[in-house]
Amino acid sequence: MADVDVIVVGGGGAGMSAAITASDSGASVLLVEADRTLGGSTALSGGVYYAAGTRVQQQLGITGDTADAMFEYYLTLNQYRVDPALVRVLCDQAAEGLHWLMAMGVDFPAAGLYASGVESVPRGHGAAGNGAAIAAALDREVSRRPIDVALGTRVDGLLTDAGGRITGIRAGADSIAARTVVLTTGGFGASPALRQRLYPQSTVHGDAAWYIGKPQCVGDGITLGERAGADIVGHDRGLLLTTPNFRKVLEVFVPGWLVYVNREGQRFVRETAEYAVMAGVVQAQTGGTCFAIFDEASRRDARPLPRYADAFASGALPLNWVADELAHQAGAGKVVSAASLDALAGRIGLRPGALEVTVAEYNADVASGSDKRFFKAADDLRPIAEPPFHAVEILPAIVCLTSAGIRIDADARALDTRGLPIAGLYAAGETCGNVLGERYIGGGNSIANAIVFGRVAGSTAARECHRV
Ligand SMILES: Cc1cc2nc3c(=O)[nH]c(=O)nc-3n(C[C@H](O)[C@H](O)[C@H](O)COP(=O)(O)OP(=O)(O)OC[C@H]3O[C@@H](n4cnc5c(N)ncnc54)[C@H](O)[C@@H]3O)c2cc1C
C-alpha cells in the first residue's frame, strides 16, 4: 500500500518542477531533499535559461526564432551525438518552461537576453537575481501546494517489488512506499570517485580540478538508478570551465588581450571564444592544457574588465588579471616570467623556437589591426614586445556540471540497459545522461533541461499513478 503517489528525490530545479507539476496533476507528493534548504546547484547558478521563441525575444523584436531552429543548432553543434527525441522535447518545451517560471514571478528582463552560445539570435535568458531567484520562486510554489517536504534527508535506497517495480525509497532506517519515484539529485561533480569513473576528463588536472556546485551533488540518483538496473550513458560528458588556477574561485572571465598557445607553441583558438566551447578546445590540445602569454606592458596596464565591473566591485568575481595580482601570482609561481620568448618557452616546456614565430606573426597582425588567424576584435589586440615576457597555464579544471547519468525516454521514464522503462522510476535534470551533449550549446542549456524534464517527469509520474 503506497504512502504517497510520487516521491521526488532531490529538491533543485528539476525536483521542484517535478513536484509542482505532479501535484498540479492531482498526485500526492513527497519531496525529499538532502540539504537543509531546497535549491540545489540551481540556486547557486547564474540563472541563465536557454530557449527559442520566447516572449522576451519578442519584446526585442526577435520574432523569427523557433524550436526547429534551436533543434537544428543543438544537433549540429553536437554532431548528432545526442538523443534527438529528447532534444526535440527540450527545444519544443523550453519557451513554455521559461514562461512558466515567469508566471511564478521570475523576472527575465529583455536586457538580460544575450547570445550565450554561438547562436545567431540570442537565446540565453538571464534571470534577475540569478539562479537564486529561480529557486526561490519554485520553493514558494512548492510551499503553496499540498506537497510534503522532508529536508535534511538523504535518500540511500530504492524499494522494489518482486517484479522489479520501484515501490518507494529508503532514507537511513526509514522506508516510504510510493507509486512512483522521480530521481532529481543533480550531477556528481562533488564525487571524486564517480568523476573518475564517469567523467575522467574532469580528473586529468588532479588537485587543480574542483567542483563549483552543491556538495550534496555526489550522484546519488545515478547510483540508486544504476542499482535498480538503469542504463548509465553520456560517458565523459560535462562542462568544464578554464581557469588560471590562482585560487579555488570562479575565475573564468579573462581579458581578450591574452594570447593562448598550446604545447606546440601555436595559437589554436580565438582567445575570446565562448566559455561553452573554450574548455573543450583546450582539452583537445596536447596534455589538455594551454598557456596565456603576455608581455610586461600588458601586465603593467592590466585593468579590471569593464563588462564585469559590478561583479568585481561586489566581490562576486575575483580581481585576477590586474597588475598587482599578477605580480603576486609571479611570487606564487603561477605567473612564469623570462627575459626572452625563447627562455620563456623553455621554462614552460613548449616546443623550442615555435613561440617566437607565433608571436612575430601575432605582432604583425596587431600592427595591421587585424587578427588574420583567429579574427579577434581589434580592441583586444596588444603586441607582445616588452620584456620580461609572462605565461600563465590555463587549465580546463573547474567542473561546472556533469552530463553522464541515467538514460531516459521522452517521457522521462528511466530506461534499463535493454532500453525498456523501469516500472515506477523517472529521472530529470543533471541526473540524466542523454539530454546534454558533448558540446554545451550555450549558457542556460542545463537549467532549461532541469525545468523542462522536471515538468515532464512530474506529469508522467502523476499520470502513471492513476494506472497503478
Ligand atoms: C556556479 C554555477 C553556475 C551555473 N550557471 C548556470 C546557468 O547560468 N545556466 C545553466 O543552464 N546552468 C548553470 N549551471 C548548471 C546548472 O545550475 C545545473 O546543472 C542545474 O541547475 C541542475 O539542476 P538539477 O535540478 O538537476 O540539480 P540541482 O539543482 O543540483 O538539485 C539537486 C538536488 O538534489 C539534492 N540531493 C542530492 N542527493 C540527494 C539524495 N540522496 N537525497 C535527497 N536529495 C539529494 C541536492 O542537495 C540538490 O538540492 C551552473 C552551475 C553552477 C554550479
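Computed from the coordinates by the stated procedures, all read-outs in this text should not be read as laboratory data. Quick caveat, the model's predicted, so the values are computed rather than measured. Using ideal geometry, Cβ is built from the backbone for each residue, glycine included, and neighbour counts are taken over all protein chains shown.
With +1 assigned to the C-beta of every Lys and Arg and -1 to the C-beta of every Asp and Glu, and no other charges, what is the dipole magnitude of the chain about the Cα centre in debye, to the nearest 20?
Roughly 420 debye, rounded to the nearest 20.
What is the sum of charges around L224, taking Lys and Arg as +1, Asp and Glu as -1, for the other residues whose C-beta is under 13 Å from the C-beta of L224?
0
For the chain, what is the relative contact order in percent, using Cα pairs closer than 8 Å and at least 6 residues apart in sequence? Provide the component values of the computation, followed by the final result.
Working: 1090 pairs, mean separation 115.9, N = 468.
RCO, the chain: 25 percent.
Mind checking the angle between helix 84-103 and the chain's longest principal axis? C-alpha axes, 0 to 90 degrees, to the nearest 10.
Helix 84-103 and the main axis of the chain meet at about 80 degrees.
Starting from the Kirkwood radius over alpha-carbon pairs of region 5-154, derive D by Stokes-Einstein at 4 °C in a medium of 1.567 mPa s and give it in µm² s⁻¹.
Translational diffusion coefficient: 80 µm²/s.
Report the residues of region 231-252 in range of a label on D324: point 7 Å along Cα→C-beta, backbone N strictly under 13 Å from it.
Counting only backbone N, you get no residues.
Could you go through region 255-264 in sequence order and give the Karplus-derived ³J(HN,Hα) for each residue, using 6.51 cos²θ - 1.76 cosθ + 1.60 with θ = phi - 60°, rounded to whole Hz, and x for Gly and Pro?
With the stated coefficients, region 255-264 comes to x, x, 7, 5, 10, 8, 10, 8, 5, 7 Hz.
Give me the angle, in degrees from 0 to 90, between the Cα long axis of helix 445-465 and the longest principal axis of the Cα atoms of the chain, rounded to the nearest 10.
10 degrees
What lysines does K248 reach when the alpha-carbon gap must be under 23 Å and sequence neighbours fewer than 8 apart in one chain are set aside?
Counting by Cα, and skipping residues close in sequence, K248 has these lysines nearby: K214, K334.
Which order do C432, C290 fall in if you start with the one that has the fewest other Cβ atoms within 10 Å?
Sorted ascending by nearby Cβ count, the order is C290, C432.
Which value in nm describes the separation of the simple spin-label points at V249 and R227, placed 7 Å from the Cα toward the beta carbon?
Output for this residue pair reads 4.0 nm.
Measuring from the lowest to the highest alpha carbon on each principal axis, how far does the chain reach, largest first, in angstroms?
Ordered largest first, the chain gives principal extents of 77, 48, 39 Å.
Output wanted: per-residue J couplings in Hz (rounded whole) for region 160-171, from phi through Karplus 6.51 cos²θ - 1.76 cosθ + 1.60, θ = phi - 60°, x for Gly and Pro.
So the Karplus estimates, Gly and Pro as x, are 9, 9, 4, x, x, 6, 6, 10, x, 10, 10, 9 Hz.
Using Cβ counts within 10 Å as a stand-in for footprinting exposure, how do M70, M102, M278 rank, fewest first?
Fewest-to-most ranking of M70, M102, M278: M102, M278, M70.
Label point 7 Å out from D161 along Cα-to-Cβ: which residues of region 412-448 have amide N under 17 Å?
Output list for this probe position: 421-426.
Taking the Cα-to-Cβ direction at V121 and at A313 and moving 7 Å from each Cα, how far apart do the two end points lie in nm?
Distance between label points: 3.5 nm.
Any idea how far apart T417 and D342 come out in nm if each label point goes 7 Å out from Cα toward Cβ?
Label-label distance for T417 and D342, simple model: 5.9 nm.
Under a 5 Å amide H to amide H cut-off, with H placed in plane at 1.01 Å, what residues pair with Y199 once short-range neighbours are removed?
D236
Using the beta-carbon distance between A364 and T203 and R0 = 60 Å, what value does 1/(1 + (r/R0)^6) give for FRET efficiency, to the nearest 0.05?
0.90
What share of the DSSP beta bridges in the chain is antiparallel, in percent to the nearest 5?
Within the chain, antiparallel bridges account for around 65 percent of the total.
Return P(r) of region 240-398 (all Cα-Cα pairs; 10 Å bins starting at 0; whole %; ordered from short to long distances).
Pairs per bin, as whole percents: 11, 42, 40, 7, 0.
By count of other Cβ within 10 Å, fewest leading, how are H466, H390 ordered?
H466, H390
In whole Hz, what ³J(HN,Hα) sequence does region 404-421 give by Karplus (6.51, -1.76, 1.60; θ = phi - 60°), x for Gly and Pro?
Each residue's phi maps through the Karplus curve to give 8, x, 6, 7, 10, 9, 5, 9, 6, 7, 5, 9, 8, 5, 8, x, 9, x Hz.
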